[in-house]
Amino acid sequence: MVTWYDTWQLPNNKLNRSSLFILLTVACFLPNSVTANEPKVPTTVKELYADFDPRKEPIDVKVVREWIKDGIAYRYVTFHIGTFKGKPARMAAFYAFPNGAKKLPALLQLHGGGQRAFTKEVEFYAKRGYCGLSINWGGRLMEDAKNDDPNTDWGAVDPTQNNVPGYFNLKPGPKYLDPFESPRNNNWYLLILGARRGITFLEQQPEVDPDKIGVYGHSMGGNLTIYVAGSDNRVKAAAPSVGGSGFRTQPWPLLPQHKPQMPNGNLNLFDATLGFESYAPRIAAPLLWLGSTNDFHGLMDDTYRTSELVPHQQVRYAFTPHMNHHFTPEFAVTRPLWFDQHLKNTFVFPRTPESKLILANDTHVPEFVLTPDASQKIEAVQIYYSVDPDPRARFWRSAESTKVGTTWSAKLPISAGDKPLFAFANVVYTVKRTEAQPFARSTERYAISSLLHTATPKELAANGVKPSDKADPVIDDFKRGLQDWYALSADNPHHWEYSTRKISDPKWQGQPGQRLTLEVQTEKENELVIVLTENFFRGYRGKQKEFVAVVKLAGGKDSQTISLVPKYFKTDEGEALASWKNVDLLSLRAYHEKGGQLLGNKKWTGPQPVFRKLSWLSQPSK
């Protein structure tokens, strides 16, 4: 069988160091691992799918239920994935489209871990003029399912989260395909086949234009998006979110104490057949990376590193600052706009902002220079930088920028020369009309990100960079609002939560003998919960722990000053915080609930508090 891989050629100008790494890993397999009497183990992405034709077997669609609501037709369906170890496997899904439509662009939605197929997703895009298919690859109970409704059934294999070790496995076992070490024994391989059969379902529907199919997913669905886009040339646009960043098994050069997860089997074989960095060079579709700067799963640094391997220039980035696994509306909206551009031709994204990090200059202070595409109205530009080598826990400082003509620049002072420097920028544009989104507020803005720039301590020293920044006892005076914070449930009068990683930055880190001091005003009597998280996603430094303090707020028109020493913060088990040294995250909340214990109150009284000043106050000597 001839597949599209047989004619694939990597453009010469994209054979960079990362591409060479992929090619070399393939050559690292033991030469005697396969003999004439043993089946051949796939050792490349091309070989892994060489015997799989997603169109070959009948899709065998069965409609469980169908209905029409507000002009949208919905179907609860199942379809044939394939036969594994002699048993058939079927996928359950929701399919939706504008009733009576013909030849519309279509989207395959891939849910995240612990989730299931979403009617809300297919409904949103159907109202936007798309056909949508949301597959239930994880096998959880379908929405509004009746007792006898069929669900996803993988038969003799199990790539769901009931078999978590399978996502890093190559070894044989009862729920795996091959009786020898093979990438076909990995969960992702089976999920990729199921998702690609979903594309076959879409291209066979009369409502769908088979030449205009896109794919997207969040978290584990983001992983699948990269896998599918890199293995199926029917994908014409892709938009993964917080997933699909490569080099998961490789050490972090700037953080050697971090230990990557190792596969159960040959490392080189895993990387060459299941590493996202091995799929990126095969992606032909325009690609939008939707992320959050502090994501635990779709690592920002590795996302950019992986994107360097995509052999075309139709790549954009949209990273929400300070957040983990969430997006603010101006970033979330980039996904539907991306599909509007590449599947409907009704929108045009600006170019990725031109940026450069200048290390060598007369001031010995690094400078970031940004020239965004000004073809659309620019509402705001924000330049960020950090000195923390851990992408999950780093605090992104907001640099003060100056605009000259169409270029923004900002100085990036550092306080020590033994830490790396990271910098990027976000550019916010206006849209012509208010844009709705499935799981976020409507917005009249959208934001895209520049490339990420990194300088090692060695590079900083070689270019004459000198430490010039000083420690600052004022963590925040809130004159810029919550710019250095992220909010969860900000619109909820009772469940709001505001968090910052600012106190993990050497500039604002607490020192021995200092008290954490907060000036706050609230109209009514309440309890404010302050949570300090130690070793946040820094398992290499120690166990992650939450230390909580609850303070009484008197209420009234005047501000109240709260001043706390470490021992006031305690875990659920009663352990007191020893020092500020390893605190990575500070949260101000209406309440804290863990292990059945409630601190604070789920019924906050009156308006949310007004925060005036957060600072470190030195204790007077005795």
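All of Thr430, Thr334, Thr346 fail the test of being modelled with pLDDT of 95 or more, closer than 30 Å to Trp252 by Cβ and among the hydroxyl-bearing types (Ser, Thr, Tyr), apart from Thr334. Kindly evaluate His364 against the criterion of being surrounded by fewer than 20 Cβ atoms within 10 Å (Cβ to Cβ), of a type outside the set (Phe, Trp, Tyr), on the phi > 0 side of the Ramachandran plot and outside the structural domain of Phe422 (by TED's automatic domain parsing). So His364 fails the test. The residues of the range 564-584 that are of a type in the set (A, V, I, L, M), over 22 Å from Leu553 (Cβ atoms) and in contact (Cβ under 8 Å) with a residue 24 or more places away in the chain, listed by number, are Ala576, Val583. Between Val242, Val235, which is within 17 Å of Pro54 (Cβ to Cβ) and β-branched (Val, Ile, Thr)? Result: Val235 is the single residue among Val242, Val235 that is within 17 Å of Pro54 (Cβ to Cβ) and β-branched (Val, Ile, Thr). Checking the structure you have, find out if any residue of the range 29-43 is at pLDDT 95 or above, out of contact with any Gly (no Cβ under 8 Å at 6 or more places or on another chain) and surrounded by fewer than 17 Cβ atoms within 10 Å (Cβ to Cβ). Within the range 29-43, none of the residues are at pLDDT 95 or above, out of contact with any Gly (no Cβ under 8 Å at 6 or more places or on another chain) and surrounded by fewer than 17 Cβ atoms within 10 Å (Cβ to Cβ).
Could we say that Arg441 is of a type in the set (Lys, Arg), on the phi < 0 side of the Ramachandran plot and assigned by TED's automatic domain parsing to the domain that holds Glu593 here? Explain how you work it out, then say what you get.
Numbers: of a type in the set (Lys, Arg): yes; on the phi < 0 side of the Ramachandran plot: yes; assigned by TED's automatic domain parsing to the domain that holds Glu593: no.
The answer is no for Arg441.
Can you find a residue that is part of a helix (DSSP H, G or I) and among the basic types (Lys, Arg) anywhere in the range 455-463? Scanning the range 455-463, I find at least one residue that is part of a helix (DSSP H, G or I) and among the basic types (Lys, Arg), so the answer is yes.
Scanning the range 459-493 for residues that are surrounded by 12 or more Cβ atoms within 10 Å (Cβ to Cβ) and closer than 21 Å to Phe327 by Cβ yields Leu482, Gln483, Asp484, Trp485, Tyr486, Ala487, Leu488, Ser489, Ala490, Asn492. Evaluation of Ala487 against the conditions (1) part of a strand (DSSP E or B); (2) under 30 Å from Arg128 (Cα atoms); (3) outside the structural domain of Trp604 (by TED's automatic domain parsing); (4) not β-branched (Val, Ile, Thr) shows that the sole unmet condition is (3). Asp469 meets all of the listed conditions (1) in the same structural domain as Ser563 (by TED's automatic domain parsing); (2) touching a Lys or Arg at 6+ places or on another chain (Cβ under 8 Å); (3) not hydroxyl-bearing (Ser, Thr, Tyr) but one, namely (1). Evaluate the range 185-203: report whether one residue or more is of a type in the set (Phe, Trp, Tyr), closer than 23 Å to Asp232 by Cα and assigned to a loop (DSSP other than H, G, I, E, B). No: zero hits. Scanning the range 117-132 for residues that are of a type in the set (Phe, Trp, Tyr) and surrounded by fewer than 24 Cβ atoms within 10 Å (Cβ to Cβ) gives Phe118, Phe124. Of the strands (runs of 3 or more DSSP E) that lie entirely inside the range 56-146, those containing 1 or more residues that are farther than 28 Å from His342 by Cα and among the β-branched types (Val, Ile, Thr) span 62-69, 72-84.
Filter the range 504-549 down to residues that are in a loop (DSSP other than H, G, I, E, B) and aromatic (Phe, Trp, Tyr) and give me whichever is nearest to Ala578 (Cα to Cα). It would help to see each step written out before you state the result.
Keep residues of the range 504-549 that are in a loop (DSSP other than H, G, I, E, B), which gives 505-513, 522-525, 535-544.
Now drop any that are not aromatic (Phe, Trp, Tyr), which leaves 508, 536-537, 540.
Numbers: Trp508: 18, Phe536: 16, Phe537: 19, Tyr540: 19 Å.
Checked the range 504-549; the qualifying residue nearest to Ala578 (Cα to Cα) is Phe536.
Looking only at residues in the range 577-615 that are aromatic (Phe, Trp, Tyr) and either part of a loop (DSSP other than H, G, I, E, B) or not assigned by TED's automatic domain parsing to the domain that holds Ser499 (or both), the one that is modelled with the highest pLDDT is Trp580.
Got at least one residue in the range 547-557 being surrounded by 14 or more Cβ atoms within 10 Å (Cβ to Cβ), in contact with a His (Cβ under 6 Å, 6 or more places away or on another chain), over 26 Å from Ala399 (Cα atoms) and at pLDDT 95 or above? Working first, answer last.
Let us first name the residues in the range 547-557 that are surrounded by 14 or more Cβ atoms within 10 Å (Cβ to Cβ), namely 547-551, 553, 555.
Now drop any that are not in contact with a His (Cβ under 6 Å, 6 or more places away or on another chain), which leaves 548.
Subset that is over 26 Å from Ala399 (Cα atoms): 548.
Cutting the leftovers down to at pLDDT 95 or above gives us 548.
Yes; the residues of the range 547-557 include at least one that is surrounded by 14 or more Cβ atoms within 10 Å (Cβ to Cβ), in contact with a His (Cβ under 6 Å, 6 or more places away or on another chain), over 26 Å from Ala399 (Cα atoms) and at pLDDT 95 or above.
Here Leu141 clears all of (1) surrounded by fewer than 17 Cβ atoms within 10 Å (Cβ to Cβ); (2) farther than 17 Å from Thr119 by Cα; (3) at pLDDT 95 or above except the condition numbered (2). Just give me the residues in the range 550-576 being of a type in the set (A, V, I, L, M, F, W, C) and either outside any strand (DSSP E or B) or more than 23 Å from Phe611 (Cα to Cα) (or both), in sequence order. Ala554, Val565, Phe569, Ala576, listed by residue number.
The values are calculated or read from the model by the stated rules, or taken from the named source; none is laboratory data. These numbers were taken from a predicted model, which means no experiment stands behind them. We place every Cβ from the backbone using ideal geometry, glycine too, and count neighbours over all the protein chains shown.
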